[in-house]
Amino acid sequence: MSEAESAAAAVPAAAAGRKPRRLRGHKKGAVTCCVASSARPGVVASAGEDGCLCWFDLRTKDVLLTIEAANKPISSICFKPGNEDFVYASAGNEILSFDVRMGPQSKPLETYNYNRDEINQIAVSSKGFLAAADDSGDVKIVSTIQKCLYKRLREAHTSICSTVQFIPWRPWTAITGGLDSKLAVWDFSKGRTLFSIDNGSPELQNGSSSGSAGQCLNPAFVHSLAVSEEGILGGLYKVCAVARGDGAVDVVDLEYELAPSKSKGPPRLATSTMSSKRTEPGDGSSNQCQVERIHLDFTMGGHTAAVSCVSLFQAAMIHQ
C-alpha cells in the first residue's frame, strides 16, 4: 500500500455520501501510521515503510511536505502537545524529533536510543515525557526536557508491548497493551502498575461472546488504545477504548477502575459483566472483583477479524 487513507477525512466524507479521499505522497511500501492534527483542523501526518514523513492538508490536492526522516521503516509518529510544529517518529529502536518549519531538508533535532528492541508505538505527554513501547515488552519513559531516560516500565507484559498512551487527566499515569492480551495502567513516576487486566484469562474468556464462531482461534491481543481527552458524554465518563485481536472492542471506565474499592458505587458502564484481576492503587495487593464495562463484538454487528486501530472522537467512538 503506497497511499495514506485518512480516517479523519473518511468520516465527514461518508456522512456526506462521498467517497473517502486518497492522499498520495509516499514513495513505496505500506503506510504504517497516520495521525490528525488537533491544532490545525484538516492537517494529517503520515509515516511509512519508505522512511518518510508526509503532511497533507485536506483542502488541497497534493502533499504539503515530505521529510526523508530515516533509512528504515517508521513505525509510529506523534505531535508534540501544545506545539505541533514538532513531531516525534520511531524507526527501529530509535526515536527522532523534527521541526516541520525547517521544511523537506529538516534534520533530526534529537535522537533517543534507550529501547533495546524495535519500537511499536510512541506517545508524548503535555509534561514533556515520551513513552516508547517495544518488542521486549518494556516501555521506556524519556524526559524530553532533561533529555535523558526517566523510567523503565517492565514486568507487566510477557510478550510484545504493542501500544502505549498517556492518561491526560492523570499527569503521572500511562496505559499499555500487549500481545500477551494484557492491559496495564502505570504510575510511571514510581515505575509500578496500578492495575492490570488479562483479556486472555479463563474468567474473561468465559464471560465474553467473542470466543464463539469465527473468533475461537484469534487471541485477545491488545493492538491499539485510545484514551478520551476531556471525557465523553459531557465529561461524565473518562474512558479508554481497546482494540483487540479477537475482533472485539472494549471500553473501560478508567476512573472507576482506578478508584479505591471502598469508594466504588454501582459500575457506570454496564453492558456485559466481566471478572478482572486488578491491583489497588497504593496497597500492592491483588484481588478478584466483578467489573462491568462495554464489550463490543461481532454479535453486535462488529468485526469478525482482529481490530487493528481504535479512535475516540469527542462524544462518539469509531473503530476500523
Q.
So, Arg268, is that one crowded, with 16+ Cβ neighbours inside 10 Å, basic (Lys, Arg), at pLDDT below 85 and more than 25 Å from Asn120 (Cα to Cα) or not?
A. no
Q | Matching residues in the stretch 125-150 - criterion: being in contact with a Phe, Trp or Tyr (Cβ under 6 Å, 6 or more places away or on another chain) and either surrounded by 20 or more Cβ atoms within 10 Å (Cβ to Cβ) or more than 19 Å from Tyr112 (Cβ to Cβ) (or both) | A | Ser125, Lys140, Ile141, Val142
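Okay, residues lined up against (1) closer than 26 Å to Glu229 by Cβ; (2) part of a strand (DSSP E or B):
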| position | (1), (2) |
| --- | --- |
| Lys72 | no, no |
| Asn83 | yes, no |
| Ile95 | yes, yes |
| Pro108 | no, no |
| Asp117 | no, no |
| Ile122 | yes, yes |
| Ala131 | yes, yes |
| Gly137 | no, no |
Q. From the list Ala47, Ala69, which residue is closer than 20 Å to Ile160 by Cβ and touching a strand residue (DSSP E or B) at 6+ places or on another chain (Cβ under 8 Å)?
A. Ala47
(Q) Need the failing condition index for Ile160 against (1) under 27 Å from Ala306 (Cα atoms); (2) modelled with pLDDT of 95 or more; (3) aliphatic (A, V, I, L, M); (4) crowded, with 22+ Cβ neighbours inside 10 Å, just the number. (A) (4)
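So that you can scan it fast, the table gives a plain yes or no per residue for (1) more than 15 Å from Thr176 (Cβ to Cβ); (2) of a type outside the set (Gly, Ala, Ser); (3) outside the structural domain of Val63 (by TED's automatic domain parsing); (4) out of contact with any helix residue (DSSP H, G or I) (no Cβ under 9 Å at 6 or more places or on another chain):
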{"site": "Ile119", "(1), (2), (3), (4)": "no, yes, yes, yes"}
{"site": "Ala123", "(1), (2), (3), (4)": "no, no, yes, yes"}
{"site": "Thr144", "(1), (2), (3), (4)": "yes, yes, yes, yes"}
{"site": "Arg154", "(1), (2), (3), (4)": "no, yes, yes, yes"}
(Q) Quick check on Cys52: is it buried (at least 20 other Cβ atoms within 10 Å of the Cβ), under 15 Å from Pro104 (Cα atoms) and touching an Asp or Glu at 6+ places or on another chain (Cβ under 8 Å)? (A) yes
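The values are calculated or read from the model by the stated rules, or taken from the named source; none is laboratory data. Keep in mind the model is a prediction, meaning the values are calculated, not measured. Every residue, glycine among them, receives a Cβ derived from its backbone with ideal geometry; neighbour counts consider all protein chains shown.
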